[in-house]
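What follows is a short report on a single structure.
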Amino acid sequence: MTKQSKIKLTNITKKFITSEMETHALQGVDLEIFDGDYVSISGPSGCGKSTLLSILGLLDSPTSGQYIIAGHDVSNLSVNERATLRNEHIGFVFQSFNLIDELSVYDNVALPLRYRQSSLTDAEVKQRVNDCLEKVQMSHRAQHKPNQLSGGQQQRIAIARALVNNPAVLLVDEPTGNLDSKNGDAVMEMLSDLNRDGTTICMVTHDLRYADMATTQLHLLDGTMAEVFNMEVAV
């Protein structure tokens, strides 16, 4: 059975130009992520990982090249159209959690659903939020505030929030950066479980132990894709 393409980058370049210099953050990057993939992107500081993730997440635009997500070519979309596409097709997990302390865990997870173009009923919102909290084993914390939780628990809530819109792909940015090794390992095991259950994941990490947990491992160097290792092919 042929896998469906979720994301396809073709010959992506990104330049940052100032009055004094021109910096090539990305040069001719090709990348295709299919349904059910677990992709890690690693490389030294300054290699272009964050720039690539920003482009994948529709937070920034490439200087040249083509980007297609879930069948949509994003090249000529307006800011509002990109925001709608981002909300519908991309789930973000950040290093710093980015939860809102004034809201309950339940309301934090429900937040992306409130910004959908096609609104859901209260019953549908409740079902989705509860399903995602159950996936990350945090149903018992639904009425707590984020500042009442440990770092590892907050990251679990951030993952639930990223999943609630059934995104085409989960973009994960250094998910263990603010966690100790025990909580970091637990979060990474959860991501592996989610992938085994069908979630498509693209993760940026500097930790090679965690990069090795992905089935496709990409290595960036000086803005170019220096190495690709596919576990599924290697096995």
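Each reported figure results from applying straightforward, stated rules to the coordinates on display, with no laboratory input. The shown structure was predicted, so the numbers you read here are calculated from the model rather than taken from an experiment. Counting neighbours? That spans all protein chains shown, and the Cβs are built from the backbone with ideal geometry, glycine included.
Observations, loosely collected:
- Antiparallel DSSP beta bridges within segment 5-234, as percent of all bridges there, nearest 5: 60 percent
- Note on segment 5-234: with charges restricted to the Cβ of Lys and Arg (+1) and Asp and Glu (-1), its dipole about the Cα centre is near 480 debye.
- Separation of the residue 148 and residue 123 label points, Cα + 7 Å toward Cβ, nm: 2.9 nm
- Distance between the C-alpha centres of segment 58-76 and segment 81-114: 21 Å, rounded to the whole angstrom.
- Between residue 81 and residue 103, the contour length at 0.36 nm per residue exceeds the Cα-Cα span by 5.2 nm.
- Under DSSP loop assignment and at most 13 Cβ neighbours within 10 Å, longest GluC sites (Glu not before Pro)-free interval of the chain: 103-235
- For residue 65, neighbours were defined as the other residues whose beta-carbon sits under 15 Å from its Cβ, and their charges (Lys and Arg +1, Asp and Glu -1) total -1.
- Positive-end ranking of 192, 179, 119 along the dipole of the chain, with charges on Cβ about the Cα centre, is headed by 119.
- Note: relative contact order over segment 1-100, using C-alpha pairs below 8 Å and six or more positions apart, is 29 percent.
- Relative contact order for segment 154-204, counting Cα pairs under 8 Å that sit 6 or more residues apart, in percent: 47 percent
- In Å, descending, principal axis extents of the Cα set of segment 20-146: 51, 33, 32
- Relative contact order %, the chain, counting alpha carbon pairs below 8 Å whose residues are six or more apart: 29 percent
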